[in-house]
Amino acid sequence: MSRKLKKSYRFALKSSLFITISSSILVSLLLSLTGGVFDWWVILGYAIAIFLLSFFFLQYRVEKFIYKRVKRIYDDVSLLESTSFNEQPITTDMSTLTKEIEKFAKDKKLQIETLKVREEYRKEFMGNVSHELKTPLFTIQGYLLTLLDGAMDDKNIRKKYLQRAAKGVDRLIYIVKDLDMISKLEVGNLILEQEAFDIVELIQSVFELFEMKANKKNIVLTFDIPYEPIYVYADKERIQQCVANLVVNSIKYGKMDGTTEISIENLIKNKIIIRVTDNGEGIEQSNIRRLFERFYRVDKSGNRKEGGSGLGLSIVKHIIEAHKEKIYVESVFGVGSEFSFTLEKAAEDQILEAEEMYDDEI
């Protein structure tokens, strides 16, 4: 500590010493030349007084000088927030000051790099949105222009083209709805309506909903074992959307005559984990880290025949995280994939309330 203090006040100490010595010599010469009384005790007292006064005045003025100059530089270039530069004495130790400025520079460099990454992400996102919207818009435009150019007179062509244009409109609406939802999820504006419900029943309803879609590829939708009712506490509609997105993905990328299997396991305390496993084409490790990004597609061909907005997995991730839960993915390319997420089990009073509401509805 003493070493640090000595180093901090080195400038003021040296300057005060020079002033004291030079002024003491000058006073001694003047006394000798003028024939005054030369008293060593007077000279010593004078030297001590000059040294102390010089030290305190120099230290105070240098601190003020450095503070004003440095703060003015920071203010001029707008590099420092007003809350991070307090009205307090600043050390005259340039080594300490340099370290603080270097730390500040590193922090700002990190912020700039983060902004650059965000800017790249924004550009990529805007490009993806443009691409996703452009395809159905041009499709709709093509059909409508063809009809206006004379194809409207043929009833069969008119009906077929209007139906295809309507499908394009449906796809646009689907993308816009997903974009609206993911925007709400990201800014935290989506309010979750949590309730107790049977997750087994919900998964079975999702199976029934996509049974025909799975039958086209002869994919079996099943549980790993028969389950009794398992109640969870979450937003039923949003969790159904998550399960639906994961099941649709497993069908979309699944193999002919494949299987999509869902299992439910108890975790520690009041948690369960739901696993959606398929034996489809799997995902390469290089793609897994970006799997939940908006519009990111593993299929680089850009094939849109399977439909979808490219936002499904991103929405699933945001919904699960909005519930303060975790989502995981494991995959072996050529073998299959497993998506899993945790949920909170419902308490007994929540289950009783849910059962009473169900009885009232019946």
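The values are calculated or read from the model by the stated rules, or taken from the named source; none is laboratory data. Just so you know, these numbers come straight off a predicted model, no measurement behind them. Every residue, glycine among them, receives a Cβ derived from its backbone with ideal geometry; neighbour counts consider all protein chains shown.
Quick notes
- Matching residues in region 196-239 - criterion: being in a helix (DSSP H, G or I) and either in contact (Cβ under 8 Å) with a residue 40 or more places away in the chain or surrounded by 18 or more Cβ atoms within 10 Å (Cβ to Cβ) (or both): 199, 200, 202, 203, 206, 207, 214, 236, 237, 238, 239
- Conditions (1) over 24 Å from the mean Cα position of the chain (by Cα); (2) under 25 Å from residue 334 (Cα atoms); number of the one not met by residue 272: (2)
- Filter result for residue 172 (modelled with pLDDT of 75 or more and either surrounded by fewer than 14 Cβ atoms within 10 Å (Cβ to Cβ) or in a loop (DSSP other than H, G, I, E, B) (or both)): no
- The number of residues in region 240-261 that are crowded, with 20+ Cβ neighbours inside 10 Å, not β-branched (Val, Ile, Thr) and not in a loop (DSSP other than H, G, I, E, B) comes to 5.
- Residues in region 264-285 that are surrounded by 16 or more Cβ atoms within 10 Å (Cβ to Cβ) and assigned to a strand (DSSP E or B): 264, 272, 273, 274, 275, 276, 277, 278.
- Condition met for residue 192 (touching an Asp or Glu at 6+ places or on another chain (Cβ under 9 Å) and assigned to a loop (DSSP other than H, G, I, E, B)): yes
- In summary, residue 146 fulfils each of the numbered conditions (1) under 22 Å from residue 312 (Cβ atoms); (2) at pLDDT below 90; (3) of a type in the set (S, T, N, Q) with the single exception of condition (1).
- In region 299-320, the condition of being modelled with pLDDT of 85 or more and surrounded by fewer than 13 Cβ atoms within 10 Å (Cβ to Cβ) is met by no residue.
- Residue in region 253-261 that is of a type in the set (A, V, I, L, M, F, W, C) and without any contact (Cβ under 8 Å) to a residue 24 or more places away in the chain present: no
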